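Below you'll find the structure, written out as structure tokens, and then a few comments.
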Amino acid sequence: MAGSLGGFGGLFDLKAAGFTDPVLIAATDGVGTKLKIAHEVGIQDTVGVDLVAMCVNDLVVQGAEPLFFLDYFATGKLDTEAAAEVVKGIAKGCRQSGSALIGGETAEMPGMYAPGDYDLAGFSVGAAERGRLLPSNDIEAHDVVLGLASNGLHSNGFSLVRKVVEVEGLKFDAPAPFDASRSLGEALLEPTRIYVKSCLAAIKSGNVKALAHITGGGLIENIPRVLAGNLSVDLYAKSWDLPPVFSWLAKAGGIARPEMARTFNCGIGMVLIASPDHAADIQAALQEHGETVTPIDEVVERSEGETVVVHDIEDAWKV
């Protein structure tokens with residue numbers, strides 16, 4: 001990184017970062033209505049991690065190493081303590097992803113936001129050597145699908161989550177019905193897992209064919225984004241345990257199991273596709289970097305029907 005604080009823009013030296021013939025990749029995202037819980041509970045730092053995670057995880061699935069990050073913080077009247085906590089979380093997320101925090105913008109807009117409210121947007125830029133981008137064009141039937149465990153809800157589906165909390169008449173400072181060791185607010189604000197360093201280690205082996213970040217749209221709508229032609233994926237819900245927060249949501253909200261898989265990550269925050277010959281080595285590399293990795297089935301050829309089929313979902317996800 002080059003430049004100094006107070007300038008009109010941030011600078012980054014790609015050559016100094018070790019790239020020879022790089023392609024730049026950019027991503028932008030926010031935290032969504034999870035912020036409403038942070039506002040009410042008064043826990044501000046975790047959403048900063050979420051902000052970074054939602055951007056950098058989208059970069060690494062394309063084979064890119066995140067380089068730098070910028071944030072946008074908008075509010076009606078600046079609460080310096082809350083803003084400092086948010087930036088603290090952003091800095092933590094940047095450290096976890098190996099990104100440089102090179103700038104940002106704080107905007108005060110009286111009348112635009114209710115007292116105490118704020119909104120966040122994040123912007124991340126990464127790079128990959130030309131020819132190393134993902135997904136590869138050699139995904140085929142019988143390739144192995146690996147699931148990397150999530151930290152919980154991450155940052156999607158919170159409008160539905162908040163509705164379930166409201167209908168159940170729960171308070172955010174009460175013990176979580178699925179985790180008595182924490183308040184409901186603390187449990188729901190568990191930040192999004194950042195998969196960058198572990199996935200980059202796997203990518204550098206040269207044998208990863210595709211990665212899919214499981215965000216809004218859940219397992220059903222995100223995995224097809226890396227598939228082409230008549231390729232599909234079979235997943236077996238019995239391969240992994242549904243975390244307690246999702247079991248509670250399904251029961252309390254009366255949410256059908258297929259809809260759970262279409263809305264939430266359901267315990268799998270990142271999906272990786274590799275050939276059977278390399279899957280074991282890739283799984284070991286991911287585990288060495290702290291990931292919980294589970295083979296959740298394979299790529300198949302399917303001429304019609306759903307691109308992602310989750311088998312045994314009713315039996316496996318009983319609540």
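A short reminder: the numbers here are calculations on the coordinates, not readings from a lab. From a predicted model like this one, the values you see are computed outputs, not experimental measurements. Here the Cβ positions follow ideal geometry from the backbone for every residue, glycine too, while neighbour counts run over all protein chains shown.
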Task: All-pairs Cα distance distribution in the range 30-117, expressed in whole percent, bin size 10 Å - done: 17, 50, 26, 7, 0
Task: Helix-only CD estimate at 222 nm, as mean residue ellipticity for the chain, using -39500 (n - 2.57) per DSSP H run (n ≥ 4) - done: -9500 deg cm²/dmol
Open item on the list: List the pairs from K92/K204; K36/K204; K171/K197 whose alpha-carbon separation is above 32 Å, in the order I gave them.
Closed with: K36/K204; K171/K197
Open item on the list: Can you give me the C-alpha center-to-center distance between the range 104-132 and the range 295-311, rounded to a whole angstrom?
Closed with: 36
- [ ] With +1 on each Lys and Arg Cβ and -1 on each Asp and Glu Cβ, and nothing else charged, work out how big the dipole of the chain is about its Cα centre, in Debye to the nearest 20.
- [x] 380
Task: Set of aspartates and glutamates near K163 by C-alpha distance (under 13 Å), chain-local residues within fewer than 8 positions excluded - done: none
Task: Rounded to the nearest 20 debye, dipole of the range 112-209 from Cβ charges on Lys, Arg, Asp, Glu - done: 340
Open item on the list: Using the Cα centre of the range 162-206 as origin and beta-carbon charges of +1 (Lys, Arg) and -1 (Asp, Glu), tell me which of L188, L200, V164 is placed farthest towards the positive end of the dipole.
Closed with: L200
TODO: Please report, in debye to the nearest 20, how large the charge dipole of the range 199-319 is about its Cα centre when each Lys and Arg carries +1 at its beta carbon and each Asp and Glu carries -1 there.
DONE: 360
Open item on the list: I need two numbers for the chain: Rg to one decimal and Dmax as a whole number, Cα atoms only, in Å.
Closed with: 20.0, 59
Open item on the list: If the elastic network links every pair of Cα atoms under 10 Å, which of R130, R262, R193 fluctuates the most in the Gaussian network model of the chain?
Closed with: R130
- [ ] Compute the Cα gyration tensor for the range 95-199, then decide on rounded, prolate or oblate, letting a ≥ b ≥ c be the square roots of its eigenvalues: rounded whenever a/c is under 1.5, prolate when a/b is larger than b/c in the other cases, and oblate in all that remain.
- [x] oblate
